[in-house]
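A.B. asks: Have a look at the structure that comes next, please.
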């Protein structure tokens, strides 16, 4: 396949260098604001997986010394129980005795050893937070089809019956709900995420049987959560509920069926919802931020869709792992991450709806926490990999140096920003990565990389695959066509126009960069992308022959098949295409790349995963079959036991093989290998 990994600081960026990345996430401040805890995830090529351990640091100490709190590499979630005590969960691998695995809950003083509180044998548990009474709030995935059978059983008798039920499930999968599966989680029919309180005498359930919990926030003695009953179709428009643990009472603060809830938070006892009714701009509509009194009666709109503030971090990269807070209240302010053009920034709101920008750097803010106006972030700034940053007293300071060695030994290519105006008057933003070592007058091949979503964006953030291709002789170009995030409602609105205005913007971008960079070889251009980027790759090869090679990754090819197989099929098709199989089949087929596959002449590689439940493998199989029957050079790589997140969270060996396959394909048809051999 590709070249062997070289050694030493002058070796240049290598395909498997991501194995040395340290991914920082889930940064959280202690209740007094003096201590910091976070998760560091690293690849483990020997185990073909990842290790995740918990670290703590005192942000006031000179040098910001890090203390490693766990050694097993299996940390899944954590929360502060007091200024010096952390609770965290670890997940055991499945075994004969525990076929689902066990979740272990630990308590750890940051200056002493941890002690185990509970080992739960019935499925993955996540620590959502800790009440002021030091009661942990846990979520657990329950199988309600098993509940009646297991009722009344305890101890070994319950565990043995559970083993029997799991063996029976291996024989047949019963589907009687919709959606019936979810990417990364498998079959979800009859599976429910339920909330529990943990005490010494065991778990006490908070949410009612049959209710599927979604978002959760824990503050004081209150738990705010969203979710819905599945009966038998799960609504995208969920409700929100405020549970008071001290009073053992629940108040509905948002009726189900009215809006989709993206996130929520508790702010001085009141509820905050980030939501949208999706009424005007479908799923690309900017979110509302609403403050709701604890009794559910008084509602205050802090932001509306018309304010065009985009919630969350839309900036794409293959060099980020893990989660963390995107929304957090502190004192008189509500802080949140917002997409702005090709960056993600930190903003805050007061109770009157006044909006301020707290931090706007040069890349992405991945997650954060705040205490008394001091903000700690895990972020990707200045083309660096994730590090922790402190924002206090108007000063912005990088706190950690986890990835400094890599940054110094493999300095990144800093892309050139590009902007132009398309034919409809919209300003389109893009980036150009120059090939390493390019000489004046040298002609180099080009790879157009298209982001997913479509409501996401590319920005000045480290992306390993782009850096790798640029280091090995390619121009790498990317842009944010209409449909991308961070530019307001109208710019992001692509419903019913898939493959039209977005395609026009991408082709106009290619024309623009070819005009500005004469070193680009227009006859040696390749195109690739994943998810929506895979859809656009499939669309492009049926509408132009300008590309000499293509690599379609986890792409959609047929809206008709997607509607009935994807975990988001019914929603995505109606809200993005504006049609369904039984309302406008002709429109669905018109926007499907498979319709135009007979026109394709571009040699095309398909990268897909057999557990991709977002864009099911039938999407790749259909395009591959059409191309090979038409005599087009093609190849399909179907990765086993991987899902839609292959390029970002897939197992290390799968990620290596994926990038090898794409690079080999581009080298073959764009002539890069021969050019490298000549230079050598």
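The values are calculated or read from the model by the stated rules, or taken from the named source; none is laboratory data. What you are looking at is a predicted structure, and each value in this text was computed from that prediction instead of being measured. Here the Cβ positions follow ideal geometry from the backbone for every residue, glycine too, while neighbour counts run over all protein chains shown.
A.B. asks: Please determine, by comparing only the residues of the stretch 278-304 that are assigned to a loop (DSSP other than H, G, I, E, B) and in contact with a helix residue (DSSP H, G or I) (Cβ under 8 Å, 6 or more places away or on another chain), which one is surrounded by the most Cβ atoms within 10 Å (Cβ to Cβ).
C.D. replies: Looking at residues that are assigned to a loop (DSSP other than H, G, I, E, B) and in contact with a helix residue (DSSP H, G or I) (Cβ under 8 Å, 6 or more places away or on another chain), I get 287.
A.B. asks: Any chance the stretch 561-569 includes a residue that's closer than 24 Å to residue 511 by Cβ and in contact with a helix residue (DSSP H, G or I) (Cβ under 7 Å, 6 or more places away or on another chain)?
C.D. replies: no
A.B. asks: From 309, 315, 358, which residue is in contact with a strand residue (DSSP E or B) (Cβ under 6 Å, 6 or more places away or on another chain), closer than 30 Å to residue 54 by Cβ and buried (at least 21 other Cβ atoms within 10 Å of the Cβ)?
C.D. replies: Exactly one of 309, 315, 358 is in contact with a strand residue (DSSP E or B) (Cβ under 6 Å, 6 or more places away or on another chain), closer than 30 Å to residue 54 by Cβ and buried (at least 21 other Cβ atoms within 10 Å of the Cβ), namely 315.
A.B. asks: Could you count how many residues in the stretch 627-645 are part of a helix (DSSP H, G or I) and surrounded by fewer than 22 Cβ atoms within 10 Å (Cβ to Cβ)?
C.D. replies: The total comes to 2.
A.B. asks: In the stretch 305-326, what count of residues is obtained for those that are in a strand (DSSP E or B) and closer than 29 Å to residue 18 by Cα?
C.D. replies: 2
A.B. asks: Moving on. Take residue 579 and tell me if it is surrounded by 23 or more Cβ atoms within 10 Å (Cβ to Cβ) and in contact with a helix residue (DSSP H, G or I) (Cβ under 9 Å, 6 or more places away or on another chain).
C.D. replies: no
A.B. asks: In addition: Can you list residue pairs whose Cβ atoms sit under 8 Å apart, with the first residue in the stretch 499-510 being within 15 Å of residue 451 (Cβ to Cβ) and the second being assigned to a helix (DSSP H, G or I)? Count only pairs 6 or more apart in sequence or on different chains.
C.D. replies: 502/536; 503/536; 503/539; 503/540; 506/536; 506/540
A.B. asks: Just to check your reading of the model, which residue among 116, 147 is at pLDDT below 85, surrounded by fewer than 16 Cβ atoms within 10 Å (Cβ to Cβ) and at negative phi?
C.D. replies: Matching residue, one of 116, 147: 147.
A.B. asks: Let me ask something additional. For the stretch 594-613: of the residues being under 13 Å from residue 541 (Cβ atoms) and touching a strand residue (DSSP E or B) at 6+ places or on another chain (Cβ under 9 Å), which is surrounded by the fewest Cβ atoms within 10 Å (Cβ to Cβ)?
C.D. replies: Of everything passing the filter in the stretch 594-613, 603 is surrounded by the fewest Cβ atoms within 10 Å (Cβ to Cβ).
A.B. asks: Which one of these does residue 336 not meet: (1) closer than 27 Å to residue 402 by Cβ; (2) surrounded by fewer than 21 Cβ atoms within 10 Å (Cβ to Cβ); (3) touching a strand residue (DSSP E or B) at 6+ places or on another chain (Cβ under 6 Å)?
C.D. replies: For residue 336, the failing item is (2).
A.B. asks: Name the single residue, out of those in the stretch 353-383 being part of a loop (DSSP other than H, G, I, E, B) and touching a residue at least 24 places away in the same chain (Cβ under 8 Å), that is farthest from residue 300 (Cα to Cα).
C.D. replies: 383
A.B. asks: Here is a follow-up. Across the stretch 167-176, which residue is nearest to residue 120 (Cα to Cα) among those that are modelled with pLDDT under 85 and surrounded by fewer than 15 Cβ atoms within 10 Å (Cβ to Cβ)?
C.D. replies: Step by step, filter the stretch 167-176, then rank; the result is 167.
A.B. asks: Condition first: outside the structural domain of residue 281 (by TED's automatic domain parsing) and at positive phi. Can you find one or more residues in the stretch 376-383 that meet it?
C.D. replies: Yes.
A.B. asks: Can you tell me which of (1) surrounded by fewer than 20 Cβ atoms within 10 Å (Cβ to Cβ); (2) out of contact with any helix residue (DSSP H, G or I) (no Cβ under 8 Å at 6 or more places or on another chain); (3) in contact (Cβ under 8 Å) with a residue 24 or more places away in the chain; (4) outside any helix (DSSP H, G or I) is the one residue 496 doesn't meet?
C.D. replies: Of everything listed in (1) surrounded by fewer than 20 Cβ atoms within 10 Å (Cβ to Cβ); (2) out of contact with any helix residue (DSSP H, G or I) (no Cβ under 8 Å at 6 or more places or on another chain); (3) in contact (Cβ under 8 Å) with a residue 24 or more places away in the chain; (4) outside any helix (DSSP H, G or I), residue 496 misses just condition (2).
Conditions (1) surrounded by 18 or more Cβ atoms within 10 Å (Cβ to Cβ); (2) outside the structural domain of residue 281 (by TED's automatic domain parsing); (3) on the phi < 0 side of the Ramachandran plot; (4) not in a loop (DSSP other than H, G, I, E, B), marked per residue:
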{"position": "396", "(1), (2), (3), (4)": "no, yes, yes, yes"}
{"position": "419", "(1), (2), (3), (4)": "no, yes, yes, yes"}
{"position": "429", "(1), (2), (3), (4)": "yes, yes, yes, yes"}
{"position": "465", "(1), (2), (3), (4)": "yes, yes, yes, yes"}
{"position": "469", "(1), (2), (3), (4)": "yes, yes, yes, yes"}
{"position": "484", "(1), (2), (3), (4)": "yes, yes, yes, no"}
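A.B. asks: Out of (1) crowded, with 18+ Cβ neighbours inside 10 Å; (2) out of contact with any helix residue (DSSP H, G or I) (no Cβ under 8 Å at 6 or more places or on another chain); (3) more than 26 Å from residue 650 (Cα to Cα), what's the single condition that is false for residue 545?
C.D. replies: Among (1) crowded, with 18+ Cβ neighbours inside 10 Å; (2) out of contact with any helix residue (DSSP H, G or I) (no Cβ under 8 Å at 6 or more places or on another chain); (3) more than 26 Å from residue 650 (Cα to Cα), residue 545 violates only (1).
A.B. asks: Also, quick follow-up: Any idea which residue in the stretch 185-207 is farthest from the chain's Cα centre (by Cα), counting only those that are surrounded by 15 or more Cβ atoms within 10 Å (Cβ to Cβ) and in a loop (DSSP other than H, G, I, E, B)?
C.D. replies: It comes out as 206.
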